[in-house]
Amino acid sequence: MRRYTSDRVIVLVLGVAFIAGGLALVDWKTGYVLGTGTELKTASIADQVGASWWPWAEGAAGVLVVLLGLWWLLAHLPRRGPSSAALPGSTADGEFSIDLGSLGRVIDDEFGGHGAVEHVSVTFDRSGGRTVGTVSGRLASDAELATVIETAEEVATGLARVVPERTVHLQIQLGAPRKDRPVRSGRRATVRLQ
């Protein structure tokens with residue numbers, strides 16, 4: 001959430017700067033506000049550009065812009081979730097853990113095997129010191145609610161058997177069945193079972 005807020009502030013500042021620059025150019029041509037006239041004396045600017053330090057300053061500014069661009073791109077890369085979760089019983093001598101990638105594939109196969117849910121994907125994240133698995137998918141057009149609930153309960157029960165003491169919490173988000181005609185609204189109906 002914090003990243004999106006800073007992105008919006010940066011875009012707002014850049015937008016205001018571009019609008020101010022555009023208005024300054026219009027005013028330079030018309031002369032209503034600043035009254036600079038039709039001639040602009042640039043002798044002092046030409047002297048500065050011709051100075052020996054100018055290429056170094058220009059190069060440093062270019063490097064800074066490239067570094068800022070790389071930082072921006074790296075800040076917006078999708079983050080991968082954790083690859084394992086520690087299980088109770090771990091000691092200083094060793095740690096018991098569960099491979100979340102394998103667990104995700106099993107959950108995916110379990111949901112996809114019943115045919116009631118299509119396009120299943122499982123992601124894991126850490127939230128509040130615990131591992132949360134999110135199962136996302138879309139209900140099949142012929143899916144019955146009883147089958148979907150039964151499948152979700154089977155997966156949750158199986159997870160409780162394999163992973164002790166609720167080490168991994170499961171969240172299920174299922175979208176409404178896709179219609180034959182394209183949906184024009186940007187809204188997505190979801191069913192959440194926790």
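Potential lengthening of the chain between Lys29 and Ala146 amounts to 35.0 nm, from the contour at 0.36 nm per residue minus the alpha-carbon distance.
Close amide H pairs (under 5 Å, H built 1.01 Å from N) link Ser84 with Leu100, residues at least 5 positions away or on another chain.
Put in line by how crowded their Cβ is, counting other Cβ atoms within 10 Å and starting with the fewest, Trp56, Trp28 read Trp56, Trp28. Given R0 = 35 Å, the distance between the Cβ atoms of Ala86 and Gln173 translates into a calculated FRET efficiency of 0.85. Rounded to whole numbers, the Karplus 3J(HN,Hα) couplings from phi for the range 104-113 are x, 5, 5, 5, 4, 5, 5, 6, x, x Hz, using 6.51 cos²θ - 1.76 cosθ + 1.60 with θ = phi - 60°, and x at Gly and Pro.
Provide the FRET efficiency to the nearest 0.05 for the Ser127-Ile10 pair, computing r from the beta carbons and using R0 = 22 Å.
Efficiency for this residue pair is about 0.25.
Restricting the range 144-175 to GluC sites (Glu not before Pro) that sit in a DSSP loop and have at most 13 other Cβ atoms within 10 Å of their own Cβ leaves Glu144.
FYI, it's all coordinate maths here, none of it is from the lab. Every value quoted in this text rests on a predicted model; they were computed, and no experiment measured them. Don't worry about glycine lacking a Cβ; one is built from the backbone with ideal geometry, like all the others, and counts go over all protein chains shown.
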